[in-house]
1. Could you tell me the center-to-center distance, by alpha carbons, between segment 68-111 and segment 15-67 in angstrom?
2. Note down the nm distance, to one decimal, between modelled labels 7 Å out along Cα→Cβ at S77 and at V118.
3. What's the ranking of 10-23, 96-109 by average number of surrounding C-beta atoms within 10 Å, highest first?
4. Hey, could you pull the Cα Rg and Dmax for segment 30-119, both in Å?
5. Can you tell me, using C-alpha contacts under 8 Å and at least 6 residues apart, the relative contact order of the chain as a whole percent?
6. For segment 30-119, what number of Lys pairs, 8 or more residues apart or on separate chains, have alpha-carbon atoms under 20 Å from each other?
7. With r defined as the distance between the Cβ atoms of I105 and V23 and R0 fixed at 22 Å, what FRET efficiency is calculated, to the nearest 0.05?
Amino acid sequence: MVDGLDRIRCDCSVIHGDTVNQVKAMMPEEEKLYDLAELFKVFGDSTRIKILWALSESEMCVCDLAFLLNMTQSAISHQLRLLKQSRLVKNRKEGKVVFYALDDIHVKQIFGQGMIHVQEK
């Protein structure tokens, strides 16, 4: 036995129709599940996670993020473009400077829940 993994297998041959039908009725449309999977893919890069963490603390410009993360402005801009396309960050211009921030409170909540999960023992 490896960490109880042999217990995962289901040996029953009976389909629990009520449960299956109840879950099927609640299942989101395929397109929504695809969109959700795409959103979570964006969280799969440590550079983007660092940017999101920084922006959860304060809005910042590309120069500040590049200095903070010891990366080029070009690399930061590339990641910000992906985060913006995924509607995780937004920007505002102040003169010639563009500031980035988390798009809305939902992004901070997703991020916060993820941190709670990884810190559990």
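Since every read-out is calculated from the coordinates, none of them should be taken as a lab result. This is a predicted model, so every value here is computed, not measured. As a convention, Cβ positions derive from the backbone with ideal geometry for all residues, glycine included, and neighbour counts pool all protein chains shown.
1. 16 Å
2. Distance between the two pseudo-spin positions: 2.8 nm.
3. 96-109, 10-23
4. Cα-based Rg and Dmax for segment 30-119 come out at 13.2, 43 Å.
5. Numbers: 71 pairs, mean separation 23.3, N = 121.
Across the chain, relative contact order equals 19 percent.
6. 13
7. E between I105 and V23, to the nearest 0.05, is 0.15.
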